[in-house]
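Down below is the structure, laid out as structure tokens.
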Amino acid sequence: MISEWSRRAARVRRALADLPPRLGVLLLWLLVTVFALAGGWSLMFYASWVLLLLLGVCYLLAILGVGSLHFSRDTRALRAEVASYFDERILVENTSWIPKLWLEIQDEGEHPEHAASFVVSLGPYGRFVRPVHTLCRQRGAFQLGPMFAESADPFGLFRRRRQIGESSTLLVYPVARDLPRFGQLPGELSGGPLQGERVQFTTPNVSGVREYRAGDTVNRIHWPTTARQGRLMVKEFERDPSADVWLILDLDARHVVGQGPESTEEYAVTACASLAKYLLGEDRSVGIITQARVLTADRGTRQLLRTLEMLAYVRSDSTRSLAELLIAEQQRFRRTDHLVVITSTAEEGWARIVRTLDSRGVRTSAVLIDGESFGDGASPLPVLGALAGARVPTYIVKQGLPLEHALAAPTAGARPAAV
């Protein structure tokens, strides 16, 4: 019987301990008030009024703690690159004469390295500036914020929380390394046929003129025609007679080895970004194809930005093989186009498809991410032999070795035939 009462008393104590502090004070106030009314004790009445006043003052302090706040965050750009720092400046200002004795600023963002939460005390009309330096270790899109302010009274009886800042998105690009060179690719097709495709960027091939439209740059105005017509006329351009380069990024999840930055997926994405940067710097027209997305071939700085943005989002979450991808997209490739296949697969089947494309005049190079060097992948030697038999220039990328050296010259395979 005694043990049963002991267990019940323990349960009651645990239940009381789990109650919020303000409920405990409220229960105490009710108990004191009942005793004051029942016994007519003046001391109990005073204690009841003191407890009620304490609850009211603490509630008011909690409300005032998150009021009259000005919040701002200053960032240069919501863009960063893997292994670089994203910097921002957070400002919290008290716009009233009531001090904020305890104020917690909470960032509910998704970036694992973004430490923007802090606790601060602000005097009357005080302000606090916090610089935040975030190391970006992973590519992708990360939500920053929303930001919340939370305050409590000195006794911790009441807590108030309100949103003071909106959310934004930080886009982290993959690393695009500076390549001194990349083997040999077909160059300009001197004397080749024009594609007849109108483009928005400037090329040496002027196809005609048209009337000026809003957004056209001044340097495209054809002044002799403008003078004859009496209205602004601008030049139109056709694509250069040059071979497009297609970067085929294999994102088959079944062949990913390693984790995080030290995975075949991240090495492949870095190789793709670096090749795009190099080829676009050589004024080549570059497109990208993955199992999930296609970026049409184009050239210039805008194409590089589109490439980096696309590569920030892609993930190896497909079960579609590289061979199936090449078969599905083969009608996209024109004669004289060049493919650069970036893959960590050890399957040899796609080498036969490369032979078929070669018979149509579509040349191919391969960048093999050596999964065996990551400790748990298959050896690339079988697929390397198949590619050598198909006379495909092949570059081997191993874990821990500089990408610039791996892509400087092919490890195996004949040089692409001149076109």
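Quick notes
Matching residues to (1) surrounded by fewer than 22 Cβ atoms within 10 Å (Cβ to Cβ); (2) within 30 Å of the chain's Cα centre (by Cα):
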| residue | (1), (2) |
| --- | --- |
| T345 | no, yes |
| L357 | yes, no |
| G385 | yes, no |
| A388 | yes, no |
| L403 | yes, yes |
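- Considering residues of segment 133-152 that are aliphatic (A, V, I, L, M) and surrounded by fewer than 20 Cβ atoms within 10 Å (Cβ to Cβ) only, the residue nearest to Y85 (Cα to Cα): L135
- Flag if T134 is in a strand (DSSP E or B), in contact with a His (Cβ under 7 Å, 6 or more places away or on another chain) and not assigned by TED's automatic domain parsing to the domain that holds L279: yes
- Among the numbered conditions (1) within 17 Å of G165 (Cβ to Cβ); (2) among the hydrophobic types (A, V, I, L, M, F, W, C); (3) surrounded by fewer than 19 Cβ atoms within 10 Å (Cβ to Cβ), the only one that L101 does not meet is (1).
- Among the residues of segment 273-311, none is identified as among the aromatic types (F, W, Y) and touching a Cys at 6+ places or on another chain (Cβ under 8 Å).
- Every residue from segment 257-306 that is more than 21 Å from F333 (Cα to Cα) and crowded, with 22+ Cβ neighbours inside 10 Å: T264, E265, Y267, A268, V269, T270, A271
Conditions (1) more than 14 Å from V245 (Cβ to Cβ); (2) in contact with a helix residue (DSSP H, G or I) (Cβ under 7 Å, 6 or more places away or on another chain); (3) modelled with pLDDT under 90, marked per residue:
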| position | (1), (2), (3) |
| --- | --- |
| I289 | no, yes, no |
| D317 | yes, yes, no |
| L322 | yes, yes, no |
| L325 | yes, no, no |
| I342 | no, yes, no |
| T345 | yes, yes, no |
| G371 | yes, yes, no |
| G375 | yes, no, yes |
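- Which listed residue, of R181, R231, is closer than 30 Å to S316 by Cβ and at pLDDT 60 or above: R181
- Among the candidates F201, F158, the residue that is touching a helix residue (DSSP H, G or I) at 6+ places or on another chain (Cβ under 9 Å), modelled with pLDDT under 90 and within 30 Å of F333 (Cβ to Cβ) is uniquely F201.
- Only one of A149, A116 that is in contact with a Gly (Cβ under 9 Å, 6 or more places away or on another chain) and part of a loop (DSSP other than H, G, I, E, B): A116
The values are calculated or read from the model by the stated rules, or taken from the named source; none is laboratory data. Everything numeric in this text was worked out from a predicted model, so none of it was measured. Here Cβ is always computed from backbone atoms with ideal geometry, including for glycine, and neighbour counts include all displayed protein chains.
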